[in-house]
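The structure appears right after this line, and notes come after that.
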Amino acid sequence: MLNNFPRFASQPPIASLLRSMPFGQLFSKRDWAPLNLVPLALAFLTATNISGLAQEAPQAPQTVPTDQTQWVQVPAGRFLMGSHVPAKQVLDDFREYQRDIDEIIDEHPQHAVEITKPFLMAKTEVTVGQFRAFVEATGYKTRAELDGKGGWGFDPVTKRCDQRDPRFSWKQTGYPQTDSHPVVNVTWEDCQAYCRWLSVKENRIVRLPTEAEWEYSNRANTNAYYSVGNSPSDVLAQARTLKPNPKTIRQAIQNLVIDPDTPPFPVPVGSYRPNVMGLHDMHGNVWEWTSDWYDKLYYSYSPAKDPQGPKQGSVKVRRGGGWNSFPMWARSSFRNWNDIDTRCANLGFRVVAELSPLEIKQHEKSQSVSLLFVGDIMLDNGPGNAVNNGKDPFEKCAKLLLDADVTVGNLECVLGKGGKQVNKNYIFRGASDSPKYLKKYFHALSLANNHTLDFGPDGLIECVDVLTKADIGFFGAGRDLQAARSGLMLDVKGRKIVLLGYNEFRKEDYQATENRAGNMPLNSDWVIEDIRYAKHACNADIVIPFIHWGLEMNPLPTDEQRTQAKRWIDAGATAVIGGHPHVTQTIDSYRGRPIVYSLGNFVFDYYPVDPAIWYGWAIRLTIPPAGETQQTRSTENLSLDWETITVAMDPQGLPYPVDPNE
């Protein structure tokens, strides 16, 4: 949490106070049922293949063992959970299904989620062979076997799928299955029993994935209908799903005759290519149980970090679609649910395993860290109107912002409603919903600029309170000079990263004092002192000053800026980032370190001149693994990669990435 940052006690009065910000380890509906019980769109009945609609599975790229679990290590990270388009657009894109909006409204709103710890996920769905090994080792009887009601299956005589029948269980489904096929007809409790057994065998906690872990792994760094793109034809070709048949699209599968010569049933796991994370069958083949209770409104109050689902409920979430699912139901964001006693011939499961704290630490030390810095963010005027109308001002740059382990910007407006407007030409107050969107994408914001005091010291104090409540880190300004000089420390994958903020523009007017809120004025000697303190007293691996300086609308820095920046690099700064001129300026490389004098604007619609298109930069810094960093904490020999990404602003001042090939 960002509230109540612990202060370093043993520091000289003029050294920066570093607020410690722990970012965790990162830094990184149901059974085939009567139609009167469940909505048709969400039941097993949702998709039917009768003849010739099943997609032929391509040759598997590798042989997947059936008697042991193969794990894929899923890294920590951030992603957008839920539908990437409004519900009405989903219905329009899949208009042939003739569905109601209530059937998909639970996929909204799309929201940023952070998975703070890496974990292991099974490469495939649990197979018949793996489940058989569990049964033979423990003597376990599934619910379908114990209650005498059985499961679901295919009757080759009637050529129809039958509802619960004692003939059917995980061992017998009526359709051909081998030890390589995904196990089905298992209840949620059957899955729990399997996880307990495998936990002992693997000597680690094995469980069902949370709904967030499942979607994160399914999406694999994408934000579309499917991990393979937006086209239904793509998922039909790359997953065991069904091509829609207009004649049968709304009929229950148990009422339809299935042609045994072209059956739609599951294929052996791993028959299709894996996604980019190395996971097979995350779309189609069989639905997969998750650990979460289901709540239609959960996305409206879900936590941003490691959501575990509602505390209670009556049904559990299942995901991914099955062999009888049309593409609409196999979308990455589609949510479905079942009673925990459900057992179906299209419902199986996949497991995840937790890494130990030592494993996580070792993993994090082996990972690089990416930091993304963007320029001026002003959420008044055009951008503010967009926010007031419910538009996400950052949505076109969502992938860029979320791909980084740490995202930092320069906030050039006041948040909150308080304070007294000062007498100046340009006054910016962010729209009331601005914190929601800032929290979605940004870990930290610099307040060291001339607009955080547009509503006086009281306005700045409220802005700080708003950011604290929203759990957004900040630096470069505060309630007094000591707080303004505070740096923000981030614990990121085993590295300590310190961000420092300073303002040079009319600094005497905006600086904090011992008893007045304001921002930290730029004093080159103080910057050097703060860098050295962070490096030597606080053992920071990475120290980056973010400076508000330079001449407005000028594409070049001054000679004095160049001299100052080099001094800071000599003092131990990993990079120097700048803003304020509203245009991009040149980048210098000094001792292998980037000096970015101005990133320009990122979200902004006011300019003293009016070119056809305004451009800004984002810069991505890639920090080497922790072991390398800690061995070279002096930064003398630390390798550092960086790249600039160009963004443009539309007439409303909202950013979008520029295609480098255009």
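Structure above, values below:
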item	result
Three principal axis lengths of segment 372-495 [C-alpha, angstrom, descending]	43, 38, 23
Projected label distance in nm at Asp179 and Arg591, using a 7 Å step from Cα toward the beta-carbon	6.2
Karplus 3J(HN,Hα) series, Hz, for segment 388-402 with 6.51 cos²θ - 1.76 cosθ + 1.60 (x for Gly, Pro)	5, 8, x, 8, 6, x, 9, 4, 6, 10, 4, 4, 4, 6, 7
Leu358 versus Asp67: modelled label distance in nm, points set 7 Å from Cα along the beta carbon direction	3.0
Label zone at Asp465 (point 7 Å along Cα-to-Cβ), backbone N below 19 Å, segment 385-414	413-414
Average Cα contact separation per residue, segment 450-539, under 8 Å, 6 or more apart, as relative contact order %	27
Computed magnitude of the charge dipole of the chain (debye, nearest 20; Cβ of K, R +1, Cβ of D, E -1)	1220
Asn230-Thr513 FRET efficiency (beta carbon distance; Förster radius 60 Å; 0.05 resolution)	0.65
Most positive-pole-ward Cα, Ala571, Gly616, Gln585, against dipole of segment 555-625 from beta carbon charges	Ala571
Computed E for Arg567/Gln89 - FRET, C-beta separation, R0 56 angstrom, nearest 0.05	0.60
Positive minus negative residues near Gly419 (Lys, Arg vs Asp, Glu; Cβ under 12 Å)	-1
Length added when fully stretched, Lys436-Ser368, from 0.36 nm per residue minus Cα-Cα	21.6 nm
Solvent-accessible area of Val276 with every protein chain in place, 1.4 Å probe, in Å² to the nearest 10	130
Computed over segment 240-341: relative contact order in percent, which uses C-alpha pairs under 8 Å that are six or more apart	33
In segment 128-204, the trypsin sites (Lys or Arg not before Pro) that fall in loop regions by DSSP, at most 14 other Cβ within 10 Å	Lys141, Lys159, Arg167
Backbone HN-Hα couplings from phi across segment 334-341 [Karplus 6.51/-1.76/1.60, Hz, Gly and Pro as x]	5, 10, 9, 8, 8, 5, 5, 8
For the chain, share of DSSP beta bridges that run antiparallel, in % to the nearest 5	60
Cα-based shape type of segment 167-282, given that a ≥ b ≥ c are square roots of the gyration tensor eigenvalues and the cut on a/c is 1.5	oblate
Trp617 accessible area, assembled protein chains, probe 1.4 Å, Å²	50
Point-to-point label distance, Val276-Met553, nm (Cα→Cβ direction, 7 Å offset)	4.1
Where Val315, Val576 fall by accessible area, highest first, once all protein chains stay in place (1.4 Å)	Val315, Val576
Solvent-accessible surface (1.4 angstrom probe) belonging to Thr563, in square angstrom, nearest 10	90
Separation between Cα centres of segment 534-569 and segment 165-212, rounded to whole Å	57
Set of lysines near Lys171 by C-alpha distance (under 20 Å), chain-local residues within fewer than 8 positions excluded	Lys141, Lys149, Lys159
Length released on extending from Asp341 to Lys201, taking residue separation times 0.36 nm less the Cα-Cα span	47.8 nm
Under Karplus coefficients 6.51, -1.76 and 1.60, residue-wise ³J(HN,Hα) of segment 639-647 in Hz, glycine/proline x	7, 9, 9, 8, 8, 9, 10, 8, 10
Answer label for Rg/Rh (Cα atoms, Kirkwood Rh) (calculated), chosen among (1) 1.04; (2) 1.18; (3) 0.98	(1)
Dipole moment magnitude, nearest 20 debye, segment 410-478 about Cα centre, only Lys, Arg, Asp, Glu C-beta charged	140
Neighbour-limited loop hits for trypsin sites (Lys or Arg not before Pro), segment 479-579 (at most 13 other Cβ within 10 Å; DSSP other than H, G, I, E, B)	Arg506
Shape of segment 262-359, Cα gyration tensor, a/c cut at 1.5	oblate
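The values are calculated or read from the model by the stated rules, or taken from the named source; none is laboratory data. What you see is a predicted model; the values in this text were computed from it and never measured. Note that we place each Cβ from the backbone using ideal geometry, even for glycine, and neighbour counts take in every protein chain shown. We work out accessible area using only protein heavy atoms, side chains counted, and drop any ligands, DNA or RNA first. Shrake-Rupley method; radii C 1.70, N 1.55, O 1.52, S 1.80 Å.
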